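Working notes, beginning with the structure itself.
The values are calculated or read from the model by the stated rules, or taken from the named source; none is laboratory data. Predicted model, so just to flag it, every value in this text is computed and none were measured. Neighbour counts run over all protein chains shown; Cβ positions are idealised from the backbone, glycine included. Please note that ligands, DNA and RNA were not included when accessible areas were found on the heavy atoms of the full protein model with its side chains. Shrake-Rupley method; radii C 1.70, N 1.55, O 1.52, S 1.80 Å.
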Amino acid sequence: MAVKIITDSASDLPKEIVKQYGIEVLPLLVYLGEQEFRDGETMNPKEMFDGMREGKVYKTAQVPLQVFRESFNRYAEQGDTCIYVAFSSGLSGTYQSAVLARNEVLEERPDFRLEVIDTKCASTGFGMVVVKAAQLAREGGSVEEIVQAVRFYALHMEHIFTVDNLEYLQRGGRVSKAAAFIGGLLNIKPVLHVDDGLLIPIEKLRGRRKVLDRMVAIMEERGDNPKSQVIGISHGDDLETAHALRGMIEERFGCQEFIISQIGGAVGAHSGPGTIALFFLNQTEPD
């Protein structure tokens with residue numbers, strides 16, 4: 001029996017890919033005042049981004065412990081072997097909740113095989129790691145083989161991204177209020193990456209075109225034979241710019257395989273509308 005792959009909604013995977021590989025996606029929660037939404041289920045990202053443009057403030061919460069318990073218990077009862085591929089512990093408490101739930105379930109069902117992996121990844125880069133796990137599971141890979149591949153892909157997945165408005169990162173404590181204010185006045189756009197699961201600024205540039213050019217240049221500096229890879233691009237309700245970035249990458253590297261996805265509520269509530277993120281591997285094969 002194939003290993004079952006479970007993940008969470010911060011992976012921003014297109015629904016057709018989730019269905020294709022039979023991945024279970026557990027939703028993080030998004031709040032607008034007292035209203036609760038399940039990311040990827042009852043949360044419409046387009047409506048959220050429109051709301052953010054109007055000044056509405058959305059907050060997020062990790063996958064509830066009970067949701068993990070119910071999911072893990074269901075598979076335990078079925079006698080399945082599972083791997084939960086988790087959102088970065090540096091950005092959410094979801095991984096820690098999954099570990100707690102796993103330990104509780106194993107107390108009652110010690111024969112249940114469940115691995116929980118902290119990818120230190122987010123959005124489509126995280127999703128691409130999940131897809132790799134699902135592909136290996138479909139091919140009949142063992143738990144050990146899948147876990148090893150997930151850890152390798154997660155470790156070497158580059159996240160290069162920019163936001164359209166620094167205000168949203170400022171709310172999350174990623175930049176100072178003064179920097180966000182000045183950046184808005186001067187049309188300064190940050191280029192950031194993820195290092196050990198945390199958001200780290202690389203540099204600031206003036207104007208969206210310069211930022212996209214720099215993102216492609218960083219891909220050239222860090223990418224391991226980009227033409228041979230599946231490239232991920234996610235966007236905060238800005239498909240036009242996502243396609244423009246794809247065209248630049250196709251022209252520069254000859255890449256042919258892409259996953260382009262809308263950023264969901266779990267990530268988008270913090271990055272905001274107009275976010276553009278690029279994902280690729282800095283190493284494609286183990287040494």
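How many of the residues in segment 213-259 are of a type in the set (A, V, I, L, M, F, W, C), open to solvent by less than 20 Å² (accessible area, probe 1.4 Å) and in a strand (DSSP E or B)?
Residues that pass the stated criteria total 2.
Given the criteria assigned to a strand (DSSP E or B) and open to solvent by less than 50 Å² (accessible area, probe 1.4 Å), does Phe37 qualify? Here the answer is yes, as Phe37 does meet what is asked. Just a yes or no: is a residue in segment 102-121 in contact (Cβ under 8 Å) with a residue 40 or more places away in the chain, touching a Gly at 6+ places or on another chain (Cβ under 6 Å) and open to solvent by less than 70 Å² (accessible area, probe 1.4 Å)? Scanning segment 102-121, I find at least one residue that is in contact (Cβ under 8 Å) with a residue 40 or more places away in the chain, touching a Gly at 6+ places or on another chain (Cβ under 6 Å) and open to solvent by less than 70 Å² (accessible area, probe 1.4 Å), so the answer is yes.
Can Ile202 be described as on the phi < 0 side of the Ramachandran plot, at pLDDT 50 or above and either of a type outside the set (Phe, Trp, Tyr) or in contact with a helix residue (DSSP H, G or I) (Cβ under 9 Å, 6 or more places away or on another chain) (or both)? Yes, satisfied. Within segment 234-284, the set of residues being without any contact (Cβ under 8 Å) to a residue 60 or more places away in the chain and of a type in the set (Asp, Glu) comprises Glu240, Glu250, Glu251, Glu257. Restricting Gly140, Gly90, Gly125, Gly51 to those that are closer than 26 Å to Ser261 by Cβ, of a type in the set (Gly, Ala, Ser) and in a loop (DSSP other than H, G, I, E, B) reduces the list to Gly90.
Scanning segment 11-34 for residues that are farther than 28 Å from Gly140 by Cβ and in contact (Cβ under 8 Å) with a residue 24 or more places away in the chain, which turns out most open to solvent (accessible area, probe 1.4 Å)? Among residues in segment 11-34 that are farther than 28 Å from Gly140 by Cβ and in contact (Cβ under 8 Å) with a residue 24 or more places away in the chain, the one most open to solvent (accessible area, probe 1.4 Å) is Tyr31. Within segment 28-87, the set of residues being farther than 21 Å from Lys15 by Cβ and of a type in the set (S, T, N, Q) comprises Gln35, Gln62, Gln66, Asn73, Gln78, Thr81.
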